[in-house]
Each structure stands twice: as C-alpha cells, then as structure tokens.
Amino acid sequence: MHRLPVYPGYVRFADTWLAPDIATRVRRMSDAEGFARDDDWAPGKTQPPPAPLVLARGVDAGIAGIVERATSGERLAANDIVRLFAARDADYRHVTQAADALRRAVSGDVVRYVVNRNINYTNICYYKCKFCAFSKGRTHEDLRGSPYDLAIEEITRRSVEAWDRGATEVCLQGGIHPDYTGATYEAICRAIKAVVPRMHIHAFSALEVTQGAATLGLPIHEFLAKLKAAGLGTLPGTAAEILDDDVRAIICPDKINTGQWLDVQRAAHQAGLRTTSTIMYGHVETSDSQAKHLLALRDLQTETGGFTEFVPLPFVHMEAPMYRLGMARPGPTFREAVLMHSVGRLALHPLISNIQTSWVKMGPAGAAVCLKSGANDLGGTLMNESISRAAGTQHGQEFPPHEMEALIRSIGREPMQRDTLYRQVAEDRRAASMIAADLEPIVLTPPRKKAAVG
C-alpha cells in the first residue's frame, strides 16, 4: 500500500495537524484508512478501474480466521470487521471470494431485481445535510436543478404509468418540506392506492417518519399505524448515513441521531412493516465507524428480523457541499466499495441474507463485480433516478429489465424479477415490464406557498 507524505493517524485528524489547504488536498488523496488512494475511481463514473495485480503470497492467518468465524454465523467484533475492511492483495481476494461463496450457499445463482419507479415528490428541505446535493431551499437554484413540489396529480400519474410499464413498487422519498405534515404523507399513500390498489408503496425515510409524527403530535408507532392503514407497505432504510453520532455531528448535525434511526426501524418492524437497511460511506467516516454501523444493523436484526436487505451506497462527491468545501474524500476507492458488499455479506450473516448493489452508484460494470463479491440483488429499475444524478453520477435514470437480465446472464447467473418482499412476481407483471412504452415527460411542479395535500 502507498502512504501519503503524512502518517495515516494524522490524515484522520487532518484539520488538527495540517494547514487548511493542505488538509483538503490530503483528504481528497486518501482512503478510509488514511493511506493514498489506490485508484482514481469514484461512484458515478462509467467504468471500474482495472483489476489490481495480486501479490504472490499467502492469506494472512488472522484474516482467514475472521472469515471462517463469519461464515459460521458468529457475530464479529468491531476490530475484526475493521481488519476485513483493510484487506488488500491476496487478503482482498480471499475476503471477496469467501463472500461470494457464502452468497452462493445462501441464495444460489439467482440474481433478483425489482421493477419500480422512484418518485421524489419534493426537493425542498429545511435540513442542511452537508452531503446532500439534492435538496433545495424554496428558491435556491445553484448546484443542480430548480426547487419543485409535485402536485398530487403528478404523483398519481407517475404511479399509474409505472404500473402500466410492469412496476410492482413505487419508492417515494423527498426533502423535509416546511409545509408538509404527517397528513401529507398519509394522503400521498391514499391517493396512490386509489388509482393503483395493487401497487406496493415503499416510502418515507426515518427522518420523514419522525417529522411527520411530530407535526401530528403522535408517537412514532401510532403514526406508522396510520401510514400502514393508508397503504404504506415497507420503508426504505435511508437517513441512516453512518450510524455513528460522532460522524453524524459533522455531516448532518440537525438530523435524527443513531438511536432515533434505530428506534424508527424497530417501531416499523413491530408494526409489521419491513424495512431496508443502508450505509452511505466514503466521505469523512473511518472503517471504525463502518464497523459500528454494521453491528448496529446486525443487533437490531437479531432483535426484530425486520430488515429485508442491506444496500451499500457509496458517497457521490461531485456536487456534494461537504466535498466542495474540502471536508470530505471523493467517495470510496473501488476496492473499498467492493469490500463494503463483501464485508457486509460476512458481518451480517446469517441474519440479513440479501446484499444489494446499486447500479446507479457502481455503474453496471461495477455492479457486476459486486455481484461476484457477495451481492445477490441488483435493486430496482427506478425509471426516474434524481438524487444521485443531482450529486453528479453519470449513470442513466433507468435500467430496463431486459438490460438488467442481459447483465446478469453475462456473469453466468440467472435473473429473477421479484417484488419488494423478495417474492417472484406474477408472469403478467414481468411480461408488461418487457414491452414497456417510453416514459411520458415528467412535470416538476414549482414551489407553492402550501403543500398540495395535507
């Protein structure tokens, strides 16, 4: 491994030890351990870097032992997980191959994906998360795009169009609009169910749930019950970022903390609402924080069993405020991104059996590498992807089913279209998805003084 002209321990605290301009340059040249980056890849780029040459040496005995304990289902210690994240050369190959073998044992050679549509109903948000290039103020138009607040008619139009194109799920998230209340989120669910009753609604981050409950003066569990009665099916695991409050104090100080995020997931699981789990990595966190995050997910899954999958989301840096201000790394290296899928598979085994790779962040070729390194799911077709695009990713807004299946078959695996809960979809849904018409132009309703619903 290559070292920068400063020891890794000092790189981790660059603002303390280095002049501001030097701290920014060093941070942008380093990986999560404080060593020099070993490639120039970043999430959102088109192609992964060439595979590294592997030194002709044996695997470290300590790494081999950790992998063996993980594959037996043992809960790893945080320092074990940190050691796996540091794997390079032969150790890296051992970790990724072991994760892939575990994937094969758990889920076979089937790669699943869901036909869905992203609907981001507003990009207006009064939170100031330093990693977010998506949200805007009411009139703030720098970075990418103008503020919008979708009319309910546009939300339902997109839902109907998605169903006609074979979708079984709509995924809804947005900024925390100052005019939105819990009734807004409830009304969105009811409106969608009124026009497409069989559509699964996968919606609302833990932050949206917390905010919605607070506006109605309800405890979380009562608000979740109202959303479920209105048609909510599952929750996305977003707003997790990194489940380490020292890091959250830097990247999202006014957002919910680790305990609150876990409490929303716990309440959802107790209410019979499954949720996904995510991690956003490659910015200011270290592998210690990543290990804490994985163990927090594992421990809650031990308690509730409510997570359907784990989704690594590498930080897209290009338009993110904290990168532009010199505060963050330019996302993970490709080695680190692949390892997040592999280590996630090992550290969460056998409690979370689905590891999803994001084609939006990794790109199709990068996602294929992850599918050979422990991941078993390719996520959703999306139809409209806007959050990562706002941050600067170069990848398209839709990955159609026939292209997904071609990618899956190209690596010798068998595709299967699934629903949100990992059940095989009915043949009429799959058939509709394969003959989908082109999307109609979307309408981005300009900001209004009051939200359209609620």
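The values are calculated or read from the model by the stated rules, or taken from the named source; none is laboratory data. All of these numbers come straight from a predicted model, not from anything done at the bench. All Cβ positions, even for glycine, are placed from backbone atoms using ideal geometry, and neighbour counts span all protein chains on display. Ligands, DNA and RNA are excluded from the accessible area calculation, which covers all protein heavy atoms including side chains. Shrake-Rupley method; radii C 1.70, N 1.55, O 1.52, S 1.80 Å.
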Per principal axis, descending, Cα span of segment 156-280 in whole Å: 45, 30, 29
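Determine the sum of side-chain charges near Asp21: Lys and Arg each +1, Asp and Glu each -1, restricted to other residues whose C-beta is under 13 angstrom from that of Asp21. Display every interim value, and only then the final one.
Numbers: positive: Arg25, Arg27, Arg28; negative: Asp15.
Local charge sum for Asp21: +2.
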Please list 325-336, 188-199 highest first by mean number of surrounding beta-carbon atoms within 10 Å per residue. 325-336, 188-199
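Kindly state, to the nearest 0.05, the FRET efficiency for Ala105 paired with Gln260, given R0 = 41 Å and r defined as their beta-carbon distance.
0.70
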For the ranges 337-344, 71-78, 34-41, 96-103, what's the packing order if you count other beta-carbon atoms within 10 Å of each residue, average per peptide, and put the highest first? 337-344, 96-103, 34-41, 71-78
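If you count only protein heavy atoms with a 1.4 Å probe, what accessible area per residue comes out for the chain, rounded to a whole Å²? Please list the in-between numbers first.
On the way: 17530 Å² over 454 residues.
Spelled out: the 1.4 Å probe surface of the chain, per residue, equals 39 Å².
Could you list, in their original order, any pairs among Lys228/Lys372; Lys193/Lys255; Lys226/Lys292; Lys255/Lys372; Lys45/Lys372; Lys45/Lys292 whose Cα atoms are separated by more than 25 Å?
On the way: Lys228/Lys372 37 Å; Lys193/Lys255 30 Å; Lys226/Lys292 32 Å; Lys255/Lys372 35 Å; Lys45/Lys372 20 Å; Lys45/Lys292 28 Å.
Correct reply: Lys228/Lys372; Lys193/Lys255; Lys226/Lys292; Lys255/Lys372; Lys45/Lys292.
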Angle, helix 258-270 long axis vs. longest principal axis of the chain, Cα atoms, 0 to 90°, nearest 10? 60 degrees
Degrees separating the helix 61-71 axis from the principal Cα axis of the chain, which is the longest one: 30 degrees
Two-site FRET efficiency, Arg25 against Ala77, from Cβ-Cβ distance with R₀ of 45 Å, rounded to 0.05: 0.85
Under a plain spin-label model, where a point goes 7 Å from the Cα along Cα-to-Cβ, how far apart in nm are Asp245 and Ala36? 3.9 nm
Nearest 0.05, what FRET efficiency do Arg57 and Tyr7 give at R0 = 22 Å with Cβ-Cβ as r? 0.35
Can you list the residues of segment 55-74 with backbone N under 18 Å from a point 7 Å past the Cα of Ala90, pointing along Cα to Cβ? 55-68
For Rg/Rh (Cα atoms, Kirkwood Rh), the choices are (1) 1.10; (2) 0.95; (3) 0.97; which was calculated from the structure? (2)
The chain, accessible surface, carbon-and-sulfur percent (1.4 angstrom probe): 54 percent
DSSP beta bridges in the chain, what fraction antiparallel, as a percent rounded to 5? 10 percent
Between beta-carbons, use under 12 Å as the cut-off and find the net charge around Thr276, counting Lys and Arg +1, Asp and Glu -1. -2
So what's the angle, to the nearest 10 degrees on a 0 to 90 scale, between helix 152-164 and the longest Cα principal axis of the chain? 70 degrees
Cut-off 13 Å between beta-carbons: net charge of the residues surrounding Ile411, Lys and Arg +1, Asp and Glu -1: +1
Estimated 222 nm signal from helices in the chain, with DSSP H stretches of n ≥ 4 weighted -39500 (n - 2.57), rounded to 500: -13000 deg cm²/dmol
